[in-house]
Amino acid sequence: MTSGMVALQQDSNQTSGEPAHKTDDAADAPIGVFDSGIGGLSVLKYIRACLPREQLLYFADSGYAPYGGRSESEIVARSLAIAEFLMQYRMKALVVACNTATAAAIKALRERYPALPVVGVEPGLKPAAALTQTGTVGVLATERTLTSAKFNLLRQQISAATNVRFLPQPCKGLADQVEKGELHSASTAALLQRYVAPLLEEGADTLVLGCTHYPFVRPLIEEIVGRATSRPVAIVDTGEPVARQLVRLLTTRGLLRAEGAGTVTGFTTGSETALAGAFSRLLGLHPPVLQVTASA
Ligand code: DGL
């Protein structure tokens, strides 16, 4: 693992309070958040809202994205390399803001760092089962997530308990469209039409966004749904529950940061300009962004 360590800087959007700094006080330590790319920003948004005083380190592994077509062992290696990188900052908790990495690597991360609170993100099958009226739920996610043992176990358990039918829909290429910033383009709309329309035809009245990139194309999904059916269709995104789980874990461990302004620092294995642009476009933030190498 190589990379220069940098001092955390205050988010330029957050002008009050003391600057972020590295410290030995456990509650003052930062929280690491990572994704294969910019998708995890859809989770970071809720983390900032729930934990406005925290220092957040966002790591986009864009140099290795997408994860959806990679092998499980590659994703485990990437996740461990990223965690090791973030550990330089003595993070007090890690959020795996990626369904694909959670399915492949959360066990390995918890084994490597047994004392570190690690929060993962999983497709919201349980809330979807509670919402559906037709008993049919479409699950949009990467191929890797949908073929993982973790997802299939969860699916079996919830189906057995509720009788809900889950229709898994791998969305090849969709995370890439989001990475490219194509949130409203004709090609993204065509891709979504191909993925979403068959689920609605099969009777799905609830759609699970099982990849953290997908909340950014929610408006397009809603348009497609609106054109295809007049029945109400619920869309389930797990960003907020993940943030609440993080709050619970930090609270139980006495790790909430009580004072100071919140900060965000971005790291990417891809282009700095691309990550800075995504922060600005998707969250209206202008944090410092650094290009780094985190070799497995
Ligand atoms: N954002 C990621 C997820 O939640 C995956 C996208 C990808 O890299 O394929 O699954």
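In order along region 154-168, phi translates into HN-Hα couplings of 4, 4, 4, 4, 6, 4, 5, 7, 10, 6, 6, 9, 9, 10, x Hz, rounded to whole numbers, per the Karplus curve 6.51 cos²θ - 1.76 cosθ + 1.60 with θ = phi - 60° and x for Gly and Pro. Hey, with R₀ at 25 Å, roughly what FRET efficiency would Lys172 and Gln133 work out to, going by the Cβ-Cβ distance, to 0.05? Efficiency computed from Cβ-Cβ geometry: 0.25. Between Thr147 and Leu256, the modelled label-to-label distance comes to 4.3 nm, taking each label 7 Å out from Cα in the direction of the beta carbon.
Calculated on C-alpha atoms, the gyration radius of region 35-94 divided by its Kirkwood radius gives an Rg/Rh of 1.00.
Per the Debye formula on identical point scatterers at the alpha carbon atoms of region 158-269, with no solvent, log10 I(q)/I(0) at q = 0.10, 0.16 Å⁻¹ is -0.43, -0.88. Just the protein heavy atoms count here, and of the accessible area of the chain at 1.4 Å, carbon and sulfur take up 51 percent.
Normalised Debye scattering of the chain at q = 0.09, 0.10, 0.11 Å⁻¹ gives log10 I(q)/I(0) of -0.42, -0.52, -0.62, counting only Cα atoms as equal scatterers and leaving out solvent.
Given their separation in residues at 0.36 nm each and the Cα-Cα distance between them, Arg244 and Ala26 gain 76.5 nm when the chain is fully extended. Sequence-ordered 3J(HN,Hα) estimates for region 66-80 from the Karplus curve with 6.51, -1.76 and 1.60 and θ = phi - 60° stand at x, 7, x, x, 8, 6, 4, 5, 5, 5, 4, 4, 5, 4, 5 Hz, glycine and proline given as x.
Sort all Cα-Cα distances of region 90-141 into consecutive 10 angstrom bins from zero, then give the percent of pairs in each bin up to the one containing the longest distance. Bin by bin from 0 Å, the calculated values are 23, 39, 24, 12, 2. In this simple spin-label model, placing a label point 7 Å from the Cα along the Cα-to-Cβ direction at both Lys180 and Arg165 gives a separation of 3.4 nm. Taking the inverse of the mean reciprocal distance over all distinct Cα pairs, the Kirkwood hydrodynamic radius of region 217-296 comes to 16.5 Å. In order along region 193-209, the Karplus-derived 3J(HN,Hα) couplings, from 6.51 cos²θ - 1.76 cosθ + 1.60 at θ = phi - 60°, round to 4, 5, 8, 8, 4, x, 5, 5, 4, 6, x, 5, 10, 9, 10, 9, 8 Hz, and Gly and Pro are given as x.
For Val208, the amide hydrogen comes within under 5 Å of the amide hydrogens of Gly138, Val139, Leu140, Val236, counting only partners 5 or more places away or on other chains and with H modelled in the peptide plane. Number of Lys-Lys pairs in the chain with C-alpha atoms under 30 Å apart and a separation of 8 or more places or on different chains: 20.
The values are calculated or read from the model by the stated rules, or taken from the named source; none is laboratory data. In this text the structure is predicted, and so the values were computed from the model without any measurement. All Cβ positions, even for glycine, are placed from backbone atoms using ideal geometry, and neighbour counts span all protein chains on display. Ligands, DNA and RNA are excluded from the accessible area calculation, which covers all protein heavy atoms including side chains. Shrake-Rupley method; radii C 1.70, N 1.55, O 1.52, S 1.80 Å.
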